[in-house]
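Notes follow once the structure below has been shown.
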Amino acid sequence: MTDISSKQLFQRQTTLSELGESGQQILQQAKVTVVGCGGLGSVAAIYLAGSGIGNIHLVDFDVVDVSNLHRQVFYKIEDIGKPKTEVLAKYIQSISPFVKVTFSTVAVSKNNAVDVIEASEIVLDCTDNLPIKYLLNDTCVLQNKALIYGSLYKFDGYAATFNMIQENGKRTANLRDAFPEIPTEHIPNCSELGTLNTIVGIIGLMQANEVLKVVTGIGKPLINQLLIYNSLDNSQFVMKLKPQFDKEKIAAIFENESYETEACEIDESLEISQLDFKVMLSKNTSSLKIISVIEEVNQEIPFQVSEKIPLSIFQKWIDKQEAINDEIVIICQRGIMSLTAAKIVKEKFPEADVKSLKDGIIAI
């Protein structure tokens with residue numbers, strides 16, 4: 001590769017009088033952690049690298065899946081099955097050699113959240129899991145970190161900068177000032193409801209833009225407010241927030257909250273291992289009923305299924321059933337949505353013989 005200097009690479013940016021070479025140096029020294037390297041995180045991380053953020057840490061436990069590619073446009077077909085963080089880190093190094101990029105394939109939990117964000121000044125929440133969003137928010141409050149929030153719901157996107165230090169030493173509003181508690185009901189994510197790829201890119205770019213403003217001091221970050229953007233009519237609504245959940249209140253919540261997903265709360269006895277499932281398939285039992293809860297009904301599945309019932313309508317389907325007499329195995333991509341569906345079956349039919357395929361069809 002042709003040798004280039006940082007001055008050449010960032011020339012268009014340092015030409016801005018508001019930034020200049022001094023501002024570029026500030027960006028080079030910044031440390032940012034991106035949690036979630038899907039649609040939001042991949043866009044945000046790559047634009048941050050392109051802007052010259054000097055230290056980027058990528059965190060995601062997942063691998064690239066074919067259903068990701070339409071909105072996670074920096075992954076390629078040949079990346080399917082590879083860890084997202086590893087692929088994204090290599091791409092970043094190829095476009096911005098002046099960035100130190102590290103990555104982790106750990107799944108964020110209450111036990112490791114502090115370690116995940118410890119090395120950075122700014123954390124980007126690019127996840128699609130509500131309990132984990134609250135975990136990141138609460139951990140950032142307790143660890144005095146700024147949190148750049150991004151979220152999606154079909155055609156809507158949400159962005160905010162939480163927990164910024166102010167001149168008076170106090171912190172700005174955080175996620176709990178907008179939504180105090182983790183919803184107890186099941187909230188479908190993008191894989192269940194679907195999403196338009198452009199809104200994913202828009203919010204990811206907004207998150208990257210917030211980082212640049214926070215680091216350089218240029219412009220006005222989205223503090224004490226939550227921006228809601230609708231991609232169908234280009235409307236924007238700003239929810240004003242008042243800081244009420246301070247560090248002391250968050251500490252009390254953190255002590256008692258598990259931050260577990262629905263899947264984590266379900267008894268593991270509802271799962272069937274990959275090996276046991278393959279043995280079951282080989283027996284070709286007529287009483288075995290395999291149900292797919294994958295939203296994309298045309299998704300290729302490496303074995304025959306009895307029914308395809310997307311998780312978004314699974315509750316309605318189970319409500320219509322008068323009894324469950326068959327032996328049921330529910331499958332999905334990674335074993336998360338299927339575990340949720342298995343719980344739904346058990347809630348109505350406690351005696352039902354139902355299992356969720358552990359780790360999903362991606363592990364077959």
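The values are calculated or read from the model by the stated rules, or taken from the named source; none is laboratory data. Note that the coordinates shown come from a computational prediction; the quantities given were computed from them, not determined experimentally. FYI the Cβ positions are ideal-geometry reconstructions off the backbone, even for glycines, and counts take in every protein chain you see. With ligands, DNA and RNA removed, areas are computed over all heavy atoms of the protein, side chains included. Shrake-Rupley method; radii C 1.70, N 1.55, O 1.52, S 1.80 Å.
For the stretch 221-338, the fraction of alpha-carbon pairs lying more than 23 Å apart is 57 percent, rounded to a whole number. Work through the residues other than residue 178 whose Cβ is under 12 Å from its Cβ and net out their charges, Lys, Arg +1 and Asp, Glu -1. Local net charge: +2. In the assembled protein chains, residue 212 presents an accessible area of approximately 50 Å² (probe radius 1.4 Å). Applying both filters, DSSP loop and at most 11 other Cβ atoms within 10 Å, to the GluC sites (Glu not before Pro) of the stretch 18-85 gives 18.
Lysine pair count for the stretch 14-143 (Cα-Cα distance under 26 Å; residues 8 or more apart in sequence or on different chains): 19. Say R0 is 30 Å: what FRET efficiency, to the nearest 0.05, do residue 325 and residue 112 get from their beta-carbon distance? After rounding to 0.05, the efficiency reads 0.10.
The peptide list 288-300, 316-328, put in order of mean Cβ contacts within 10 Å with the highest first, becomes 288-300, 316-328.
How large is log10 of I(q)/I(0) for the stretch 40-162 at q = 0.20 Å⁻¹ when the intensity is taken from the Debye formula with one equal scatterer per alpha-carbon? Log10 I(q)/I(0), no solvent term: -1.27. For the stretch 33-79, the equivalent ellipsoid derived from the alpha-carbon gyration tensor has semi-axes of 20, 12, 8 Å in decreasing order.
Accessible surface for the chain, divided over its residues, is 50 Å² per residue with a 1.4 Å probe. Shown is the FRET efficiency for residue 170 and residue 28, computed with R0 = 35 Å from the Cβ-Cβ distance and rounded to the nearest 0.05: 0.75.
Considering only 71, 12, 171, the mean-square fluctuation computed in a Gaussian network model of the chain, springs between alpha carbons under 10 angstrom, is largest for 12.
Computed from the C-beta positions of residue 274 and residue 307, the FRET efficiency with R₀ = 22 Å rounds to 0.55. Within the accessible area of the stretch 202-275, what % is carbon and sulfur when the probe is 1.4 Å and the other protein chains stay in place? Roughly 53 percent, rounded to a whole number.
Here's the picture: charge each Lys and Arg Cβ at +1 and each Asp and Glu Cβ at -1 in the chain, and of 299, 258, 63 the one pushed furthest to the positive end of that dipole is 63. Could you check the spin-label model distance between residue 232 and residue 244? Points 7 Å from the Cα along Cα→Cβ, value in nm. If labels sit at residue 232 and residue 244, their model points lie 3.1 nm apart.
Calculated on the alpha-carbon coordinates, the convex hull of the stretch 274-347 measures out at 94 cubic angstrom per residue. Taking label points 7 Å from Cα along the Cα-to-Cβ direction, residue 69 and residue 90 give a separation of 1.6 nm. Multiplying the residue separation of residue 98 and residue 8 by 0.36 nm and removing their Cα-Cα distance gives an extension gain of 31.2 nm. Over the C-alpha atoms of the chain, the Rg to Rh ratio, Rh being the Kirkwood estimate, stands at 1.01. Within the accessible area of the stretch 75-172, the carbon and sulfur atoms contribute 51%, probe 1.4 Å, all protein chains present.
Restricting the calculation to Cα atoms, the stretch 82-219 shows an Rg/Rh of 0.95 when the hydrodynamic-style radius is the Kirkwood one.
Dividing the summed helix terms, -39500 (n - 2.57) for each DSSP H run of n ≥ 4, by the number of residues in the chain produces a 222 nm estimate of -10000 deg cm²/dmol to the nearest 500.
Charge dipole of the chain (Cα centre as origin; +1 on each Lys and Arg Cβ, -1 on each Asp and Glu Cβ, all else neutral): 1020 debye, rounded to the nearest 20.
Here the accessible area is traced with a 1.4 Å probe on the protein chains. For the stretch 276-332, carbon and sulfur cover 42 percent of it. Among rounded, prolate and oblate, which fits the stretch 1-101 when a ≥ b ≥ c are the square roots of the eigenvalues of its C-alpha gyration tensor, a/c under 1.5 means rounded, and a/b larger than b/c means prolate? Note, shape of the stretch 1-101 comes out prolate.
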